[in-house]
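Following: one structure in structure tokens, then a few remarks.
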Amino acid sequence: MSKEKFHIEFLMGNATQSSLWRMISQIDGLSEWFADEVLMDETETRYTFVWGKTSNQAQIVCQKPQTLIRYQWLDEEEDNYYFEFILRKLDLSGEMTLEITDFAEPDEKGDGITLWETQVELLKRRLGV
């Protein structure tokens, strides 16, 4: 069964672009909300994400500093599956948004969205938003 792409967007209030960028692209930021522990290899493009006793590796496949970062799980069978963070500043309010694109099995899509919502709530608390 092939995975379905989904896209969700979160208002990040008064969080700055640089603080959000650190939280989605640096090991210290990612370990505050995304995983229990984050390790980086010597090339600085492969990350190991640790949750409890499980871990998974991903590599950065696309990056536009302060704007976009795309990760791909190394154990994923298909090359076209990834998860991506995009930062945008709203013109009218000046608030930042965090857009997340991910893929999930059709029957697990709701769980995937709920997981992201939970993790982004933790991110907002860490940023004081």
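Values quoted throughout were computed directly from the atomic coordinates according to the rules given, and no laboratory measurement underlies them. This structure is a prediction, so every number in the text was calculated from the model and none was measured. Cβ placement follows ideal geometry from the backbone for every residue including glycine, while neighbour counts extend to all protein chains displayed.
Other residues within the sphere of radius under 15 Å centred on the Cβ of Gln26, judged by their own Cβ, net out at -2 (K and R +1, D and E -1).
From the square roots a ≥ b ≥ c of the eigenvalues of the alpha-carbon gyration tensor of the range 1-120, which class results: rounded (a/c under 1.5), prolate (a/b over b/c), or oblate? The shape class here is oblate. Over all other residues within a Cβ to Cβ distance under 12 Å of Lys124, the charged ones net out to -1, with Lys and Arg as +1 and Asp and Glu as -1. So which GluC sites (Glu not before Pro) in the range 32-82 are both in a DSSP loop and have at most 16 other Cβ atoms within 10 Å of their Cβ? Hits after loop and neighbour filter: Glu42, Glu44, Glu76, Glu77, Glu78. Placing R0 at 22 angstrom, the Cβ-Cβ distance between Asp91 and Glu4 gives a FRET efficiency of 0.10 after rounding to 0.05. Placing dummy labels 7 Å off each Cα toward the beta-carbon, the span from Thr101 to Glu76 is 1.1 nm.
The residues packed around Lys53, meaning those with a beta-carbon under 12 Å from its beta-carbon, carry a net charge of -2 if Lys and Arg are +1 and Asp and Glu are -1. Separation of the alpha carbons by more than 26 angstrom is noted, of Lys3/Lys89; Lys3/Lys124; Lys5/Lys89; Lys89/Lys124, for Lys3/Lys89; Lys3/Lys124.
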